[in-house]
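Quick one: the structure is below, and I'll ask about it shortly.
The values are calculated or read from the model by the stated rules, or taken from the named source; none is laboratory data. Note that the coordinates shown come from a computational prediction; the quantities given were computed from them, not determined experimentally. Cβ coordinates were reconstructed from backbone atoms using ideal geometry, including for glycine residues, and neighbour counts include every protein chain displayed.
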Amino acid sequence: MDLQKLAQARILALAQYEDGWRPEHLLSDGNFKLQKGRARGVLNVGLSLAPSDASGVLDVCPNSTPECKAFCLFTSGQSI
Ligand code: SF4
């Protein structure tokens with residue numbers, strides 16, 4: 001994991017939380033890839049969590065490795 005991006009993500013998340021932001025839904029189909037299944041009659045939903053021990057609370061990836069943590073997509077893309 002890019003520790004600088006992780007630190008920035010934590011600061012942003014904490015600021016949003018302190019401003020009162022809470023997720024409306026934990027599960028979402030608001031993603032183009034997930035919505036593609038509808039064409040075949042399949043409802044796909046996703047749940048995005050902070051990977052591994054990034055939350056500072058618990059480790060949601062007990063089988064993660066140093067290698068996958070280093071290349072985890074957590075701070076890439078447009079989700080943050
Ligand atoms: S790549 Fe590793 S750290 Fe990232 S979500 Fe997957 S198991 Fe967890």
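Could we say that Cys61 is within 16 Å of the ligand (Cβ to nearest atom), at pLDDT 90 or above and either under 15 Å from the mean Cα position of the chain (by Cα) or among the basic types (Lys, Arg) (or both) here?
It is true that Cys61 is within 16 Å of the ligand (Cβ to nearest atom), at pLDDT 90 or above and either under 15 Å from the mean Cα position of the chain (by Cα) or among the basic types (Lys, Arg) (or both).
Considering each residue of segment 26-48, count those that are more than 21 Å from Gln8 (Cβ to Cβ) and either assigned to a loop (DSSP other than H, G, I, E, B) or within 16 Å of the ligand (Cβ to nearest atom) (or both), and give that number.
Restricting attention to segment 26-48, the residues satisfying the condition of being more than 21 Å from Gln8 (Cβ to Cβ) are 26-47.
Subset that is either assigned to a loop (DSSP other than H, G, I, E, B) or within 16 Å of the ligand (Cβ to nearest atom) (or both): 26, 29-31, 41-47.
Residues meeting the conditions: 11.
Got a number for residues in segment 38-50 being surrounded by 13 or more Cβ atoms within 10 Å (Cβ to Cβ), at pLDDT 85 or above and not β-branched (Val, Ile, Thr)? Full working, then the answer.
Let us first name the residues in segment 38-50 that are surrounded by 13 or more Cβ atoms within 10 Å (Cβ to Cβ), namely 44-45, 48, 50.
Checking which are at pLDDT 85 or above leaves us with 44-45.
In the following step, the residues that additionally are not β-branched (Val, Ile, Thr) were identified as 44.
So the answer is 1.
If I filter segment 64-74 down to residues being at pLDDT 90 or above and within 8 Å of the ligand (Cβ to nearest atom), which single residue comes out as surrounded by the fewest Cβ atoms within 10 Å (Cβ to Cβ)?
Per the stated criteria, the residue is Thr65.
Additional query: Identify all residues within segment 49-71 that are under 15 Å from Ala7 (Cα atoms), of a type in the set (A, V, I, L, M, F, W, C) and assigned to a loop (DSSP other than H, G, I, E, B); write none if there are none.
The initial filter retains those residues of segment 49-71 that are under 15 Å from Ala7 (Cα atoms), namely 50-57, 69-70.
Restricting the remaining residues to those that are of a type in the set (A, V, I, L, M, F, W, C) gives 50, 54, 57, 70.
Those that are under 15 Å from Ala7 (Cα atoms), of a type in the set (A, V, I, L, M, F, W, C) and assigned to a loop (DSSP other than H, G, I, E, B): Ala50, Ala54, Val57.
Given the conditions (1) within 12 Å of the ligand (Cβ to nearest atom); (2) in contact (Cβ under 8 Å) with a residue 60 or more places away in the chain, report the number of the one that Pro51 does not fulfil.
Among (1) within 12 Å of the ligand (Cβ to nearest atom); (2) in contact (Cβ under 8 Å) with a residue 60 or more places away in the chain, the lone unmet condition for Pro51 is (2).
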